[in-house]
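No value in this document is a laboratory result; all are computed from the given coordinates. Everything numeric here is computed off the predicted structure, so don't read it as measured data. Quick reminder, even Gly has a Cβ in these numbers, built from the backbone with ideal geometry, and neighbours come from all protein chains shown.
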Amino acid sequence: MSSTTVTTTAAVAPRQHQGSLESQRRWAMWASYAALSVFVVFFLVPPVYTLITSLKTSKEISGLQGSPWLVQHPTFANFWELMTNENYQNFFINSVKITICVVALTMAISILAAFSLARMRFWGSATLATGVFLTYLVPESLLFIPMFQIVGKLGLMNNTWSLLLLYPTLSVPFCTWIMIGYFSSIPKELDEAALIDGASYMQMLFRIFIPVAMPGIIAATIFAFTVSWGQFLYPMAFLYSTDQMVLTVGIISDLIRGDVFQWGKIMAGSLMAALPPVIIYAFLMDYYIAGLTAGATKG
Amino acid sequence: MAQVSIRKVVKMYEGDVQAVKGIDLEINDHEFVVLVGPSGCGKSTTLRMIAGLEEITAGEISIGGDVVNDVPPRDRDIAMVFQNYALYPHMSVFDNMAFGLKLRKFPREEIKRRVDEAAGILDITELLLRKPKALSGGQRQRVAMGRAIVRNPKVFLFDEPLSNLDAKLRVQMRTEIKLVHQKVNTTTVYVTHDQIEAMTLADRVVVMNHGVIEQVGPPQELYHHPATRFVAGFIGSPAMNFLPCRVVQHGDGLAVRVSDTITLPITPERRDRYAPYKDKAMTFGLRPEHLVEYRDNAKQGVTRMDAMVDVVEPMGMETMVHFHTIGEQMCARIDPNAYAAPNEVLALNADMNNMHLLDPESGRVV
């Protein structure tokens, strides 16, 4: 006996054309690239212009002939003159000195503070953690007037080392906040296992938490470095002598005399000053993003 | 000596939440005791108080004869295995196991000897150089056990170590834990919510509910002679069937009257025991394994009971039949070859030799 297949055509409501997922993804990708391109152009214009100007002689810059986006007679003289300039070398060394010390101090304070606030239950720890972060919200432009009085009374006016007291006020709150988020994301059972294994809190911090939270520590270190290296307002307010200045304010004060702007050297100096953070970000960008996002989503 | 004594221990949290309500328990040296109960019963809190990870509100805990209320965890000579393993992710398996010994400044050779020995017991020697992320769940749990074994502590504490594993691995690891206990013979306190784990692993089972101990005893005692309705319903899978009933006169003896159509004669041996409850409203309890398919040649004490089948669950080695009686859902365990179909009447044998009678007011088994 053969079997027959009976098919019936039932009335089906017309389906709206949705488009394939593939084409939707493609459209999203192109739209993203278009939007990002706008931002890339917008943010890259100043550095590109800086680079172009740094390769020009003062004569070419002030000549106002031809396109400002083209270099007629490229030269590295601006870079060379700065690198062999004693003042610029001094600014660079001061910046390096202060940044290394500030980063070390910031991380020492932030890690210890974050560990105790995130892991050691004590009265007021939650309030303290919130308070630490809230201090970050106070703009530095409001703080530098009372800071001026404090630095003056400490006798540290016009002293590079005053920045060692000032920069951590900007970097410690945010770094502590990052580390609190990162430490909080580490399972509590790890503490308990370490306590039972015989670890003290300091041993727990150095042998377990710091290694496990290294991406977050790297992210916080990068942030502290960026804040210290690129800080302008506080050195501007507290340092007057050339030998005490750091890169950010030294470039401006040494290369702008009255109404004379040595644009070529200013641009070259700015580019060379920006190089260390660029190199660090280039190598550690993945850690930075992972450190910021992991702490945020798991905390 | 590594006995653990828990005397009138209370744990209160903020807001007057009493997680543990004054419990007493003596755990003997070398004994494997399992704390079992539903979530929130206080079993993990009790374990954590033994470990020193929770403060004791009142009462006393002693390990090996020494009161440890104010002793930090590192000095209690205990080792703990956690539910989610708690392995140090940046350390190798060897370093995880050696960490506690390094902190205590053991010589390197002794550390290596102990780690190798524990790895051999747990069959993880080839994993010593790996990091935890390169291990399966079962391997990680074995490493966690190895970390405890190398310490050679007075007491092992296990906090639901198999809960994160799949069903098949759980069965395998259960056997391994039992084998390890047989080898190292250390006093063990094991917390689980799985009564099958409790029954298969324990020398004694402590059933907890709402912060109190309902019953303590060997697994078979809890199974055959539960003290309370909670224990009767918690131990055994599937759970015991409960029916409201009345104890009535039945000829020369007594019977459990469940409904107008269901009257189950009580065996003569239990007549005197249940006589005080004649004409009283009680609760009848019978395990599914004591409700089997009807046979003519049943032994004494077995009574026929008919059931309208709702659901049939063939399990392979047995068939579970779900039915309802006077509005109560019940379960019977029949031979896999016996016929049963939904919406049909199935004749069953109720083995009244294994019945339980419970006082509905106190919840106690009489």
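Going through the stretch B:103-210, which GluC sites (Glu not before Pro) have at most 12 other Cβ atoms within 10 Å and a DSSP loop state?
When the GluC sites (Glu not before Pro) of the stretch B:103-210 are filtered for loop state and at most 12 Cβ neighbours within 10 Å, nothing remains.
What's the magnitude of the charge dipole for the stretch B:26-164 around its Cα centre, counting Lys and Arg as +1 and Asp and Glu as -1 at the beta-carbon? Answer in Debye, nearest 20.
800 debye
Using only the alpha-carbon atoms, how far is helix B:108-122 inclined from the longest principal axis of chain B? Give it as 0 to 90 degrees, nearest 10.
For B:108-122 against chain B, the angle is about 20 degrees.
What chymotrypsin sites (Phe, Trp or Tyr not before Pro) does the stretch A:222-270 have in DSSP loop regions with at most 14 other beta carbons within 10 Å?
Listed in order of number, the matching sites are A:232, A:240.
Assigning unit charges at the beta carbon (Lys, Arg +1; Asp, Glu -1) and nothing else, what dipole magnitude in debye, to the nearest 20, does chain A show about its Cα centre?
460 debye
Name the long-range amide H neighbours of residue B:81: under 5 Å, sequence gap of 5 or more, or other chain; modelled H, no Pro or chain starts.
Under 5 Å from the amide H of residue B:81 lie the amide H atoms of B:157, B:158, B:159, each far enough along the sequence or on another chain.
For chain B, set up a Gaussian network in which alpha carbons nearer than 10 Å are linked by springs, and say which option among B:113, B:48, B:229 fluctuates the most.
Of B:113, B:48, B:229, the Gaussian network model singles out B:113 as fluctuating most.
Choose one answer from A:230, A:216, A:63: the residue with the largest mean-square fluctuation in a GNM of chain A with alpha-carbon springs under 10 Å.
Of A:230, A:216, A:63, the Gaussian network model singles out A:63 as fluctuating most.
Quote the relative contact order of chain B in percent (integer), defining contacts as alpha-carbon pairs under 8 Å separated by 6+ residues.
Relative contact order comes out at 15 percent.
With point charges of +1 on the Cβ of Lys and Arg and -1 on the Cβ of Asp and Glu, referenced to the Cα centre of the protein assembly as shown, which listed residue (A:92, B:348, A:80) lies farthest in the positive direction of the dipole?
With unit charges placed on the Cβ atoms, the residue in question is A:80.
Between the stretch A:74-89 and the stretch B:119-162, what is the C-alpha centre distance in whole Å?
Here the answer is 62 Å between Cα centres.
Return the sequence-ordered ³J(HN,Hα) values of the stretch B:20-28 in whole Hz as given by the Karplus equation 6.51 cos²θ - 1.76 cosθ + 1.60 applied to θ = phi - 60°, using x for Gly and Pro.
10, 10, x, 9, 10, 7, 10, 10, 7
Would you mind counting up the charge near residue B:272? Only other residues with Cβ under 15 Å from its Cβ, with Lys and Arg at +1 and Asp and Glu at -1.
+2
May I ask you to derive the relative contact order of chain A, considering only C-alpha pairs under 8 Å and at least 6 residues apart, and to give it as an integer percent?
Averaging sequence separation for qualifying contacts and normalising by length gives 28 percent for chain A.
Report the net charge of residues surrounding residue B:237, where surrounding means a beta-carbon distance below 15 angstrom and charges are Lys +1, Arg +1, Asp -1, Glu -1.
Net charge in that neighbourhood comes out at -1.
Between residue B:116 and residue B:343, what is the label-to-label distance in nm when each label sits 7 Å out along the Cα-to-Cβ direction?
With each label placed 7 Å out from Cα toward Cβ, I get 7.0 nm.
All other residues with a Cβ under 12 Å from the Cβ of residue B:104 taken together, and with Lys, Arg as +1 and Asp, Glu as -1, what is their net charge?
+1
Rounded, prolate or oblate for chain A? Axes are the square roots of the Cα gyration tensor eigenvalues, ordered a ≥ b ≥ c, and the cut-off for rounded is a/c under 1.5.
Because a/c hits 1.5 or more and a/b fails to exceed b/c, chain A counts as oblate.
Roughly how tilted is helix B:167-184, in degrees to the nearest 10 and between 0 and 90, from the longest Cα axis of chain B?
Tilt of helix B:167-184: around 60 degrees.
Enumerate the amide H contacts of residue B:280 below 5 Å, restricted to partners 5 or more residues apart or on another chain; note that Pro and chain-start residues carry no placed amide H.
Amide H neighbours of residue B:280, under 5 Å, 5+ apart: B:247.
Using the Cα centre as the reference, give the magnitude of the dipole from point charges on the C-beta atoms of chain B (Lys, Arg: +1; Asp, Glu: -1; all else neutral), rounded to the nearest 20 debye.
That gives chain B a dipole magnitude of about 1140 debye.
With axes computed from alpha carbons, what is the tilt in degrees of helix B:137-149 against the longest principal axis of chain B, rounded to the nearest 10 within 0 to 90?
Computed tilt is about 60 degrees.
Distance between Cα centroids, the stretch B:295-366 to the stretch B:1-62: provide it in whole Å.
The stretch B:295-366 and the stretch B:1-62 have Cα centres spaced 38 Å from each other.
Straight-line reach from residue A:265: which lysines fall under 19 Å, measuring Cα to Cα and dropping same-chain residues less than 8 apart?
Reachable lysines: A:56, A:59.
Scan around residue B:208 for amide H atoms under 5 Å from its own, H built in the peptide plane at 1.01 Å from N, and keep only partners 5 or more places away or cross-chain.
B:36, B:37, B:214
When only C-alpha pairs under 8 Å and at least 6 residues apart count, what is the relative contact order of the stretch B:205-325, in percent?
17 percent
What residue among A:254, A:197, A:243 has the largest mean-square fluctuation in a Gaussian network model of chain A, using Cα springs under 10 Å?
Answer for the Gaussian network model of chain A: A:197.
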